[in-house]
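One structure is given below, encoded as structure tokens.
What follows is calculated from the coordinates using simple rules that are stated; it is not laboratory data. Predicted model, so just to flag it, every value in this text is computed and none were measured. Cβ atoms come from the backbone with ideal geometry, glycine included; neighbour counts cover every protein chain shown.
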Amino acid sequence: MTFGIFAAEAPEGTRFGLEAGRSYDLPRGRLTFSLGATRDAAGETALTGNFGYLQELSEDSALQLAARRSVGSGNGGEQLVTSLSADYSRPLTALIGLDIDAAFVRSEDTGTATTTDTVSLGTSLGYTLAQDWSLNLGYRYQMREETGDGSAADNAVFLSLERSFTNRP
């Protein structure tokens, strides 16, 4: 179990909050959640929290789900941010892995009542070149819609070469 109380200085003033949570180890995964309340600098109280679920579907594949609601600073005022995400990963062969992800984020500015929604979907293939090297090829779609400003969409194809570093004692 976790429990926390905080006071944080923000550009708008001092933000206070408390949160309690719990984690459970499952036979092939993990479940975590917390619930709390945050009082922003204007004196408004918002319900906050998070939820996380990880399920190993097989020895090498996994499904991860997450949800979060928080209070933060942005654009000269307080923002309520709600996010939902899902990620699925699995190997296709000994050297190639597949990753599929989706996310939704809603940001609400409490001062101006402006809402921004962002949706993203992506998929990538990773190819192991050597122990520390991998090559990734993927596609990502992102759509953003803001109250009063309309919407915009973006498509991206990417190719990346990555190397991981490990510190050994």
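Listing for the model above:
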| read-out | value |
| --- | --- |
| Scan of the stretch 32-55 for residues that are assigned to a strand (DSSP E or B) and surrounded by fewer than 15 Cβ atoms within 10 Å (Cβ to Cβ), ordered by number | A37, T45, L47 |
| Residue match in the stretch 117-130 (condition: without any contact (Cβ under 8 Å) to a residue 60 or more places away in the chain and not in a strand (DSSP E or B)) | yes |
| Residue check, S58 surrounded by 14 or more Cβ atoms within 10 Å (Cβ to Cβ) and touching a residue at least 12 places away in the same chain (Cβ under 8 Å) | no |
| Subset of the stretch 90-116 [out of contact with any Leu (no Cβ under 8 Å at 6 or more places or on another chain) and in a loop (DSSP other than H, G, I, E, B)] | T93, A94, L95, G111, T112, A113, T114 |
| Residue satisfying condition, being touching a residue at least 60 places away in the same chain (Cβ under 8 Å), surrounded by 16 or more Cβ atoms within 10 Å (Cβ to Cβ) and within 21 Å of the chain's Cα centre (by Cα), within set E78, E108 | E78 |
| Residues of the stretch 139-163 satisfying the condition of being touching a residue at least 24 places away in the same chain (Cβ under 8 Å) and within 20 Å of the chain's Cα centre (by Cα) | Q142, M143, R144, E145, E146 |
